[in-house]
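The structure appears right after this line, and notes come after that.
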Amino acid sequence: MKIIILAGGFGTRISEFTDTIPKPMIKIGNQPIIWHIMNHYYKFGFEDFILALGYKGEKIRDYFLNYNYYNHDIHLSLFDSSTKFKNENKLKWKVLLADTGLDTLTGGRIKRLSNYVENQTFMVTYGDGICSVEINKLLEFHKSHGKLATVTAVRPTARFGELMIEDNLVMNFKEKPQVTNGWINGGYFIFEPEVLKYIDNDKTILEENPLENLAKEGQLAAYKHDNFWMCLDTKRDYDVMQQYYKNKLGYWSD
């Protein structure tokens, strides 16, 4: 199953870093946050990734094209110019680096990748959110309810999209109100290919008409994840995330 990671935004609220690199390339510990996100999927056997690139996408391309150079000791022979990587850990990831446009919005980035998902169920998440959700259980839940879409509902602060949930169905989807019932949009979506019909063009924001309409039609289910989730949105988030990594808490506790 393919996993789309939305990695093309400008990241203006954390410009201390994003003036020079895209937000998904901000390092937590010794790896960029997008690596941690991908590695989480990989723990559950998912290894086929599509990275929806935009702002400073060349930085992400460079990282993956030169992954071994950045992540292993290198033995060089100046005599014959040969190169060997020491202690090489070969990840079985397949990574498609796709340019989805500089100004394309979240829904539009997914729409541009329609040909790559090949009319099959696919996953989507953001390139800045770390979560301890068990992906296999999320997928089981999605298969069990027969709806077109699943969103992972989480419980942090009041600055993200609020979900009104009844019997595991999203009754209403509103982006960034004051939270009243405690559940918000945590990403980690699973979509059937029919969801692509809800997206019009590059200017479509996934979190507005597509998800709102799916909710109104009873086609958006919520998988409640009442455990660790965190979004890298500000310098404070970065500092807290580094402490979680250092102390092996949250996502890194296992």
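The values are calculated or read from the model by the stated rules, or taken from the named source; none is laboratory data. On a predicted model such as this, the values are computed, not experimentally measured, just so you know. All Cβ positions, even for glycine, are placed from backbone atoms using ideal geometry, and neighbour counts span all protein chains on display.
How about segment 139-167: which of its residues are small (Gly, Ala, Ser), in a loop (DSSP other than H, G, I, E, B) and either surrounded by fewer than 18 Cβ atoms within 10 Å (Cβ to Cβ) or at pLDDT 95 or above (or both)?
Residues satisfying the conditions are GLY146, ALA158.
Here are some conditions: (1) modelled with pLDDT under 90; (2) within 21 Å of VAL133 (Cβ to Cβ); (3) of a type in the set (A, V, I, L, M). ILE190 meets all but one. Which one does it not meet?
Failing condition for ILE190: (1).
Out of the residues in segment 207-254 meeting the condition of being surrounded by fewer than 20 Cβ atoms within 10 Å (Cβ to Cβ) and of a type in the set (Gly, Ala, Ser), tell me which one is modelled with the lowest pLDDT.
Among those that are surrounded by fewer than 20 Cβ atoms within 10 Å (Cβ to Cβ) and of a type in the set (Gly, Ala, Ser), it is SER253.
Collect the residues in segment 8-23 that are among the basic types (Lys, Arg) and within 12 Å of GLY127 (Cβ to Cβ), keeping them in residue-number order.
LYS23
Does segment 30-68 hold any residues that are surrounded by fewer than 20 Cβ atoms within 10 Å (Cβ to Cβ), in a helix (DSSP H, G or I) and of a type in the set (A, V, I, L, M, F, W, C), and which are they?
PHE64, LEU65
Answer yes or no: is there a residue in segment 34-52 that is more than 13 Å from VAL95 (Cα to Cα) and in contact with a Leu (Cβ under 6 Å, 6 or more places away or on another chain).
no
What is the number of the single condition among (1) outside any loop (DSSP other than H, G, I, E, B); (2) surrounded by fewer than 18 Cβ atoms within 10 Å (Cβ to Cβ) that LEU78 does not meet?
(1)
Confirm whether MET171 is aliphatic (A, V, I, L, M), loosely packed, with under 15 Cβ neighbours inside 10 Å and at pLDDT below 95.
Yes: the conditions hold for MET171.
Scanning segment 82-138 for residues that are in contact with a strand residue (DSSP E or B) (Cβ under 7 Å, 6 or more places away or on another chain) and part of a loop (DSSP other than H, G, I, E, B), which turns out surrounded by the fewest Cβ atoms within 10 Å (Cβ to Cβ)? Talk me through it step by step, then tell me what you get.
First pass over segment 82-138, keeping only residues in contact with a strand residue (DSSP E or B) (Cβ under 7 Å, 6 or more places away or on another chain): 83-87, 93-100, 106, 109-110, 113, 116-117, 121-131, 133, 138.
Filter again for part of a loop (DSSP other than H, G, I, E, B), leaving 87, 93, 100, 113, 121, 127-128, 133.
Details: ASN87: 7, TRP93: 16, THR100: 24, LEU113: 20, THR121: 16, GLY127: 26, ASP128: 24, VAL133: 22.
In this case the residue turns out to be ASN87.
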